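I have placed the structure first, in the form of structure tokens, so that the comments after it can refer back to it.
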Amino acid sequence: MKRLLLTTSLVTGLALALVGCKTFDIVTKVTTSVGVATGKISSSEARSINRTASAAGKAFEQITPEQEYYIGRSVAASLLGQYKAADLKAANQYLNLLGQTLATQSDKPETFGGYHFAIMDSDEINAFAAPGGLILISRGLLRCCQSEDAVAAVLAHEIGHVQAEHGLRAIKKSRLTSAFTILAAEGAKNLGGEQLAQLTTAFEGTITDITGTLINSGYSRTLESEADAAAITIMQRTGYNPRALEAMLEQMHTRMPADDKGFGKTHPDPQDRIKDIALLLEGEGAIEEQAARQKRFEKAMKGV
């Protein structure tokens with residue numbers, strides 16, 4: 001029915017322009033009431049549209065810290081199913097001590113389940129920040145770090161993703177894409193029963209889809225730049241030289257193979273990121289080696 005398809009498109013368009021599930025419901029009910037009163041749609045079509053818009057509203061509800069944690073934990077578990085955790089006790093302890101210190105100076109110093117850092121037993125140059133503060137760093141990426149400041153840069157960047165909730169943005173986009181695919185297929189008939197169940201499931205999303213988004217496409221250059229800017233601020237607050245981020249990116253550029261299937265597939269080119277942070281690093285002095293800090297770094301990273 002063309003009129004139902006057009007009306008459904010109108011309602012979902014309003015949904016995209018508004019914030020809050022309750023607002024969706026109110027606008028939808030007013031719209032469908034007018035449609036029934038004027039004879040544009042039937043009562044059954046109105047009920048179908050109301051159910052559709054209610055499901056759509058779920059994608060825009062505020063995700064609670066608890067939900068963010070459980071989503072992130074599932075994503076991290078899925079990632080560790082593909083990237084085995086490295087059995088490096090000293091290095092993991094060091095990473096968590098350093099990461100926790102940096103997180104306290106971020107704009108999101110606390111999460112429901114707390115920040116946790118782990119090393120992936122992979123030569124790939126890669127890292128993942130799951131929602132809620134679960135951060136995974138590969139051995140390959142840690143090998144790009146020549147100092148504790150460089151490790152701090154890597155961790156601060158991933159914390160930047162968490163504080164900006166970049167992972168949640170990816171989840172919501174995935175839900176919407178799946179849901180509107182169903183709407184396009186089912187828009188010519190009443191959405192009820194099995195179709196409505198499929199739509200609701202699409203909005204709920206799956207951990208597999210979320211993980212696939214992180215692994216296969218990664219974040220945009222804009223979001224990576226946001227995380228780099230956050231990393232610079234966090235490092236300044238903590239007392240690390242943010243120029244270590246630049247040095248680490250240079251190392252990554254040098255070490256990454258031309259056909260890199262890890263970081264190179266999911267991140268902007270390191271040279272582009274260096275250009276993006278150039279203005280933020282103006283006025284920052286050269287990195288000065290601190291003997292005690294370097295000794296701590298070398299001892300912890302032994303074997304990585």
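FYI, it's all coordinate maths here, none of it is from the lab. Treat the numbers as computed from the prediction; the structure is a model and nothing was measured. Methodologically, a virtual Cβ is constructed for each residue, glycine included, from the backbone with ideal geometry; neighbour enumeration extends over all protein chains shown.
Structure notes:
- Electrostatic dipole magnitude of region 69-143 [Cβ: Lys, Arg +1; Asp, Glu -1; Cα centre; debye, to 20]: 80 debye
- Separation of the alpha carbons by more than 28 angstrom is noted, of 275/295; 275/302; 89/295, for 275/295; 275/302.
- Computed from the C-beta positions of residue 253 and residue 64, the FRET efficiency with R₀ = 30 Å rounds to 0.15.
- Order of 161, 253, 166 - criterion: other Cβ atoms within 10 Å of each residue's Cβ, fewest first: 253, 166, 161
- For region 73-83, 3J(HN,Hα) computed residue by residue from phi via the Karplus equation (6.51, -1.76, 1.60; θ = phi - 60°) reads 5, 5, 4, 4, 5, 5, 5, 6, x, 9, 10 Hz, glycine and proline entered as x.
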